[in-house]
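K.L.:
The structure's right below; bear with me while I get my questions together.
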Amino acid sequence: MLKRIIKIQNIGRFRLCTPNSAQFEQITLIFGRNTYGKSTLGDLLSSLESGNTDAIKQRKTIPNDQQSQQAEISFVTDVCQSEQKIKYQNDIWQPSIPAGFKLKIFDDGFYHNNLFSGKQFSRETKDNFSSFVLGAQGVAKRQEIETKNKQKGEATRKRNDLQKAAFKDIEDLGNSQKIPHTNFLTILFKIDICYKHNLTHRNLEHDPYI
């Protein structure tokens, strides 16, 4: 389990924080006012979980005194009760999380990455929430599906535009003068008679193409 945060330097609100005496128990509650560093702690631990340090690098303390960003955290396991330290220095965590130890962070960044596309509960986020698939792979797959659906919609619009352009000069049959049904049958009958007459005439002349 996470045992203690030994040091945080030049990360978010923590210019130089060394709370060595404070340690974590099985259940630990951290509370404080807005902008007092709760989200910074979440980003710090999330970075350790994922190995992605971008969130830390974007949280340099203001004003920037050009001091390096550093952090030091210790863990204990059921197998080894002695504290094992992990340090953040030169934009990387070393060493990695102890074997057999699982770190999962369910913070603000987690549900924005896995459930919502923004901080406002809009129509889009409601749709996401109603059909979400938990986990980074699920979110990536959903984004791929959304991209495909967008491409499909664009292709459909292009097809409709091409269809309109191809038939724009052709009069709609619905607007043309309709031929009465009986007259149409009469025309077909006359055409049939003319065709048979021509065949008979050509046979009489011994047309070689018949």
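Each reported figure results from applying straightforward, stated rules to the coordinates on display, with no laboratory input. Source: prediction; values computed, not measured. As a convention, Cβ positions derive from the backbone with ideal geometry for all residues, glycine included, and neighbour counts pool all protein chains shown.
K.L.:
At most 13 other Cβ atoms within 10 Å and a DSSP loop assignment: could you name the trypsin sites (Lys or Arg not before Pro) in the stretch 28-83 that fit?
P.N.:
Listed in order of number, the matching sites are Arg33.
K.L.:
Applying the Karplus parametrisation 6.51 cos²θ - 1.76 cosθ + 1.60 with θ = phi - 60° to the phi angles of the stretch 153-168, what ³J(HN,Hα) value in whole Hz is obtained for each residue in order, glycine and proline being reported as x?
P.N.:
Once rounded to whole Hz, the list reads x, 5, 5, 5, 5, 5, 4, 5, 5, 5, 5, 5, 5, 5, 10, 5.
K.L.:
Rounded, prolate or oblate for the stretch 21-99? Axes are the square roots of the Cα gyration tensor eigenvalues, ordered a ≥ b ≥ c, and the cut-off for rounded is a/c under 1.5.
P.N.:
oblate
K.L.:
Now, a different point. So which of Lys7/Lys87; Lys3/Lys87; Lys60/Lys85; Lys7/Lys85 end up more than 20 Å apart, counting from Cα to Cα?
P.N.:
Lys60/Lys85
K.L.:
Something else: Applying 1/(1 + (r/R0)^6) with R0 = 45 Å to the Cβ-Cβ distance of Arg159 and Phe106, what FRET efficiency is obtained, to the nearest 0.05?
P.N.:
Working from the Cβ atoms, E equals 0.50.
K.L.:
Oh, and also: Residues of the stretch 67-84 with backbone nitrogen within less than 15 Å of a virtual label 7 Å along the Cα-to-Cβ line of Met1, please, listed as ranges.
P.N.:
Only 74-84 pass the distance filter.
K.L.:
Place a point 7 Å from Cα of Thr35 in the direction of its Cβ. Which residues in the stretch 53-84 have their backbone N less than 14 Å from it?
P.N.:
Residues 62-63 qualify, since their backbone N sits under 14 Å from the label point.
K.L.:
What is the spin-label model distance, in nm, from Asn90 to Lys57 if the labels are put 7 Å beyond Cα along the C-beta direction?
P.N.:
Computed distance between label sites Asn90 and Lys57 equals 1.5 nm.
K.L.:
Which of Glu83, Glu171 comes first, and how do the rest follow, when ranked by fewest Cβ neighbours within 10 Å?
P.N.:
Exposure proxy ranking, most exposed first: Glu171, Glu83.
K.L.:
Using the count of nearby Cβ atoms within 10 Å as a rough guide to exposure, how do Ser21, Ser47, Ser74 rank from fewest to most?
P.N.:
Fewest-to-most ranking of Ser21, Ser47, Ser74: Ser21, Ser74, Ser47.
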